[in-house]
Structure formats: structure tokens, C-alpha cells
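Asker: Starting off with a structure, shown below.
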Amino acid sequence: MTERVVLAYSGGLDTSVAIGWIAEETGAEVVAVAVDVGQGGEDLDVIRKRALACGAVEAEVADAKDEFAEEYCLPAIKANALYMDRYPLVSALSRPTIVKHLVAAARKHGASTVAHGCTGKGNDQVRFEAGISSLAPDLTCIAPVRDYAMTRDKAIAFCEEKGLPIATSKKSPYSIDQNVFGRAVETGFLEDIWNAPIEDVYEYTENPAVPREADEVTITFDKGVPVAIDGTRVTVLQAIQQLNERAGAHGVGRIDMVEDRLVGIKSREVYESPGGIALIAAHQELENVTVERELARYKRQVEQRWAELVYDGMWFSPLKRALDGFVEQANEHVSGDIRMTLQGGRAVVTGRRSASSLYDFNLATYDSGDTFDQSLSKGFIEIFGMSSKIAAKRDLHQA
């Protein structure tokens with residue numbers, strides 16, 4: 001029986017050429033798998049037919065937008081996941097979604113190898129291969145660009161030689177990855193970190209410097225899940241899509257940063273995640289109202305580690321799974337409404353209400369009706385500061 005390789009297929013030049021390239025290099029048959037995580041572009045059936053025309057023995061397409069939103073974006077929202085306190089893991093979240101479908105296709109078609117189009121210096125090669133090995137340790141992975149030196153020039157020449165039905169026009173100056181949760185842009189003139197981004201870089205967001213009338217939105221959460229926008233029920237996917245449009249219209253969610261890649265280099269990245277940033281900001285504020293202080297403090301530590309694990313491709317790791325349980329429990333009382341104003345590139349919280357609120361007006365107020373017993377504070381401060389006071393006396397004595 002001929003060996004089979006499952007290829008993560010996008011429909012573009014590089015992965016279309018990779019079908020024939022892999023066949024020539026390995027002698028294996030190629031099964032192409034395209035996964036829709038809300039990246040837009042061509043119709044899935046068009047992509048499937050192109051894969052077959054380029055030599056794939058089988059081609060599968062999957063509409064995974066709802067799956068991506070509910071099983072991957074939602075946990076990130078609950079975890080307030082921002083890598084290096086800024087990046088909402090746009091690309092990192094989509095990779096395990098795709099990995100799951102690649103492994104399922106490998107099982108279905110009896111493939112022993114999975115292929116992807118990553119280079120040897122990025123994060124995605126780790127995300128794909130670590131994810132695949134976690135779900136299916138028996139499968140091997142190959143990357144034609146990395147392992148077989150399939151440069152773009154060679155890909156264009158191969159395409160023309162074989163007469164493949166794929167355009168070979170001049171490559172965009174940017175490397176772009178996008179899905180429903182956001183958009184990532186790198187390379188080109190952005191590699192000079194002194195160069196400011198130009199408006200052409202952006203697609204999901206409008207220029208925040210252009211004056212516009214503010215948009216007020218109310219987001220309802222139930223145990224950390226966004227369930228309604230302005231009182232109208234939504235799925236997680238619909239919440240992200242609607243806020244992409246509304247927050248994006250005000251330039252919310254633009255991020256320009258130099259980040260620490262897993263492979264050890266620093267990389268300049270420009271991101272857009274209007275829906276993601278708005279939802280995380282709203283969720284964070286609702287946690288401020290509903291989550292007990294010590295739990296909230298510890299959760300912030302967990303959030304950072306959770307984001308690092310996902311960024312590093314460890315979605316299916318034991319530690320990530322264990323932290324998922326903590327995040328889920330911490331969201332038990334994160335229910336209520338957050339009102340936000342979207343304007344000038346910012347999503348600003350202006351109102352909060354929750355039946356699970358820990359905010360007690362009578363304890364917080366400085367006006368009449370105050371129920372906080374201020375007489376208790378003097379003794380509390382004495383005991384709370386006791387150890388530092390004792391140490392200070394010792395240090396002064398020994399000085």
C-alpha cells in the first residue's frame with residue numbers, strides 16, 4: 001500500500017506546490033486538508049477542487065469557525081490570555097484547531113505523516129508538530145519549506161513546469177495570517193522596527209485617529225461566556241464577529257510589538273484583534289467585580305503561564321489541561337453585564353452590574369449609611385505590619 005501524507009492546505013501557491021513536491025520527494029500520496037477558522041478568502045469548495053487539480057488523491061475541507069470560537073477562543077477569553085501582556089494569541093489559537101483536523105484526517109486515510117508549510121524559524125512549526133505528537137505520538141511530521149528547501153522561487157518554477165492551476169503573481173510584501181479572532185502581519189518594511197506601520201497594513205480596523213461618534217455596547221457574560229450583545233443572544237462566534245465589526249470601526253485592537261519567539265529570536269509583529277481585545281477587556285472588568293481578591297491575584301499568575309503555554313504550542317500538554325480546570329473554576333461567578341464605549345482605538349468600560357457582584361455599596365461608600373467599622377483598622381494595621389516593623393528595628397540596631 002502506498003504511503004500517505006496529510007497536508008495542511010491553505011489553497012495558496014506554497015501549499016499547492018507542496019502537494020506535488022511531497023509526492024516527488026517521498027513517493028507518497030497526498031491528502032489535502034483545509035480548515036476554515038474564519039480567515040475569509042476563497043470558498044472552501046474552490047479550495048478543495050484546486051487541491052485535487054494540483055495532484056491530491058483526496059481533499060477535505062472543514063468549516064470549523066464555531067468550533068474555533070467555542071473551544072479555542074473562548075478559553076482564551078476566560079483566561080484573559082495576552083502573551084507578553086499584549087498579544088491575544090491570534091495565530092497560536094488556530095493551530096491546535098487545525099492540528100485536531102489533521103490528525104483526524106490522518107487516522108481516516110491511513111496516513112503515517114503530516115505535512116505543514118512552516119519555515120524553520122517561526123513558532124508555528126512547533127505548534128503544529130508538538131500538537132500532532134501530543135494527539136498522535138506515532139505520526140511523523142515534515143515541512144517542505146524547512147526540510148526540502150522549497151523556496152518561493154522554486155515553488156513558482158515548479159508550478160509553471162507542472163502547469164498547476166494556481167496564480168504565481170508577485171508575493172505580497174507582508175506575511176499575513178488571519179482568522180475570526182484577529183490578524184497577524186509581519187515581514188517587509190516592518191522588519192525595520194523603527195518604521196511605523198502604514199494604514200495599508202490594516203484590514204480589520206479603521207484608523208482610530210479619524211473622529212467618529214462613539215459606539216456604546218453592553219456585553220452579557222454567563223460564567224465567563226459572552227452570551228448576549230446589547231440584550232440580543234449570540235453564540236461565541238457571533239459575539240466575536242459583531243465586536244470585530246463594531247470595535248474594528250473605531251480602531252480598537254491594533255497592536256504593534258516586538259515579541260519573544262519560542263525559537264529564541266525577537267520578532268516585530270503587527271496584530272489586529274478588535275473583537276478579542278474588546279471581549280477580554282470586558283471579561284477582565286467583570287472579574288474585578290465578581291472574583292474574590294486572593295483568587296483574582298493568583299489567577300493573574302495563571303493567565304500569564306496559560307498564555308505562554310499556548311503561544312509555545314503546548315495546547316494539548318498536561319500543564320495546559322490542568323490550568324484549564326483552574327480557569328474554568330475561577331469563572332464560576334463571572335456573570336453579568338459590562339457596558340463599554342468604543343472610540344478612538346479604545347474600548348473603555350463605563351458600567352458594570354452582576355447578581356454575583358462582591359461590590360458592597362454600603363461598605364464602599366464614604367457617605368451616610370457606611371457599614372464599614374473603621375475602628376477595626378488600627379489593630380489590623382498593627383498586626384499586618386508587625387513582621388516588617390520587627391525587621392526594621394533589627395536593621396536600625398545593627399546599622
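Computed from the coordinates by the stated procedures, all read-outs in this text should not be read as laboratory data. Keep in mind that what you see is a predicted model, and the values were worked out from it rather than measured. Using ideal geometry, Cβ is built from the backbone for each residue, glycine included, and neighbour counts are taken over all protein chains shown.
Asker: Any idea what % of Cα-Cα pairs in the range 2-60 are farther than 14 Å? Before the final figure, lay out the partial values.
Answerer: Details: 796 of 1711 pairs.
Counting every Cα pair in the range 2-60, those more than 14 Å apart make up 47 percent.
Asker: Report, in whole Å, the centroid distance computed from the Cα atoms of the range 183-256 and the range 47-110.
Answerer: Measuring centre to centre over Cα atoms gives 21 Å.
Asker: Taking the Cα atoms of the range 85-128, what is the range of coordinates along each of the three principal axes, in descending order and whole Å?
Answerer: Here the Cα extents, ordered largest to smallest, are 41, 21, 11 Å.
Asker: Using a cut-off of under 15 Å, list every residue of the range 250-290 whose amide N is near the label point 7 Å from the Cα of Val349 along the Cα-to-beta-carbon line.
Answerer: 277-290
Asker: Please quote Rg/Rh for the range 171-215 to two decimal places, taking the Kirkwood radius as Rh and restricting both calculations to Cα atoms. Please list the in-between numbers first.
Answerer: Numbers: Rg = 12.7 Å, Rh = 12.3 Å.
Radius of gyration over Kirkwood radius for the range 171-215 works out to 1.03.
Asker: Between rounded, prolate and oblate, where does the range 117-184 land on the alpha carbon gyration tensor, with a ≥ b ≥ c its root eigenvalues, rounded for a/c under 1.5, else prolate if a/b exceeds b/c? Could you put the intermediate results ahead of the total?
Answerer: On the way: a/c = 2.29, a/b = 1.40, b/c = 1.64.
Verdict is oblate for the range 117-184.
Asker: Label points 7 Å out from Cα along the Cβ direction at Asp147 and Arg297: separation in nm?
Answerer: A separation of 4.9 nm, rounded to one decimal place.
Asker: A 26 angstrom limit on the alpha carbon distance is what I want to check against. Which of Lys49/Lys154; Lys108/Lys154; Lys65/Lys154 exceed it? Write out the running numbers ahead of the final one.
Answerer: Numbers: Lys49/Lys154 23 Å; Lys108/Lys154 32 Å; Lys65/Lys154 33 Å.
Over 26 Å apart, Cα to Cα: Lys108/Lys154; Lys65/Lys154.
Asker: Given a Förster radius of 51 Å and the C-beta distance between Asp360 and Lys162 as r, what FRET efficiency does 1/(1 + (r/R0)^6) yield to the nearest 0.05? Could you put the intermediate results ahead of the total?
Answerer: Numbers: r = 71 Å, r/R0 = 1.40.
Efficiency, from the Cβ-Cβ distance: 0.10.
Asker: Compute log10 of I(q)/I(0) for the range 32-72 with the Debye formula, placing one identical point scatterer on every Cα and leaving out solvent, at q = 0.15, 0.16, 0.17, 0.23 Å⁻¹, to two decimals.
Answerer: Values returned for q = 0.15, 0.16, 0.17, 0.23 Å⁻¹ are -0.37, -0.41, -0.46, -0.72.
Asker: Ok, one more. Restricting to the chain, what percent of DSSP beta bridges are antiparallel, rounded to 5? Walk me through the intermediate numbers first.
Answerer: Numbers: 36 of 53 bridges.
Around 70 percent of the beta bridges assigned by DSSP in the chain are antiparallel ones.
Asker: Same structure again: Under the classification rounded if a/c is under 1.5, otherwise prolate if a/b is larger than b/c and oblate if not, where does the range 270-364 fall, given a ≥ b ≥ c as square roots of the Cα gyration tensor eigenvalues? Display every interim value, and only then the final one.
Answerer: Values: a/c = 2.66, a/b = 1.25, b/c = 2.12.
Cα axes put the range 270-364 in the oblate bin.
Asker: Could you work out how far the C-alpha centroid of the range 1-38 sits from that of the range 330-399, in angstrom?
Answerer: Taking the Cα centre of the range 330-399 as reference, the centre of the range 1-38 is 56 Å away.
Asker: Round to the nearest 10 and give me the degree value, 0 to 90, for the angle of helix 274-290's Cα axis relative to the longest principal axis of the chain.
Answerer: With rounding to tens, the tilt is 30 degrees.
Asker: Here is a follow-up. If I take every Cα pair under 8 Å that is 6 or more residues apart in the range 297-370, average their sequence separation and divide by the length, what percent do I get for the relative contact order? Mind showing how you got there, number by number?
Answerer: Working: 46 pairs, mean separation 13.3, N = 74.
18 percent.
Asker: Could I ask something else about it? Take the Cα pairs of the range 80-225, get the Kirkwood Rh, then feed it into Stokes-Einstein at 10 °C and 1.306 mPa s and tell me D in µm²/s. Display every interim value, and only then the final one.
Answerer: Details: Rh = 18.9 Å.
Rounded to a whole number, D works out at 84 µm²/s.
Asker: Which lysines, if any, have their Cα less than 17 Å from the Cα of Lys389, not counting same-chain residues under 8 positions apart?
Answerer: Lys378
Asker: Ok, one more. What three numbers, in Å, describe the spread of the alpha carbons of the range 240-399 along their principal axes, ordered from the longest?
Answerer: Reported extents, whole Å, longest axis first: 55, 47, 33.
Asker: I've got another one for you. Could you grab the relative contact order for the chain? Cα pairs under 8 Å, six or more apart, rounded to a whole percent. Walk me through the intermediate numbers first.
Answerer: On the way: 727 pairs, mean separation 68.5, N = 399.
For the chain, the relative contact order is 17 percent.
Asker: Based on the alpha-carbon set only, what is the convex hull volume of the chain divided per residue, in Å³? Kindly include the intermediate steps, with their values, before the conclusion.
Answerer: On the way: hull volume 80.9 nm³, N = 399.
Measuring per residue, one finds 203 Å³ for the Cα hull of the chain.
Asker: Let me check against my output: what whole-number percent is the relative contact order of the range 26-70, with C-alpha pairs under 8 Å and at least 6 apart?
Answerer: Numbers: 54 pairs, mean separation 22.7, N = 45.
The value is 50 percent.
Asker: Write down the Kirkwood hydrodynamic radius of the range 202-282, to one decimal in angstroms, obtained as one divided by the mean of 1/r over all alpha carbon pairs.
Answerer: Working: mean 1/r = 0.0719 Å⁻¹.
Over the range 202-282, the inverse of the mean reciprocal pair distance is 13.9 Å.
Asker: Taking the alpha carbon gyration tensor of the range 1-143, what are the square roots of 5 times its eigenvalues, largest first, to the nearest whole Å?
Answerer: Working: eigenvalues 136, 55, 37 Å².
Three semi-axes, in Å: 26, 17, 14.
Asker: Where does the chain land at 222 nm, in deg cm²/dmol rounded to the nearest 500, when only DSSP H runs of n ≥ 4 count, each adding -39500 (n - 2.57), divided by all residues?
Answerer: On the way: 15 runs with 168 residues, N = 399.
One gets -13000 deg cm²/dmol as the mean residue ellipticity at 222 nm.
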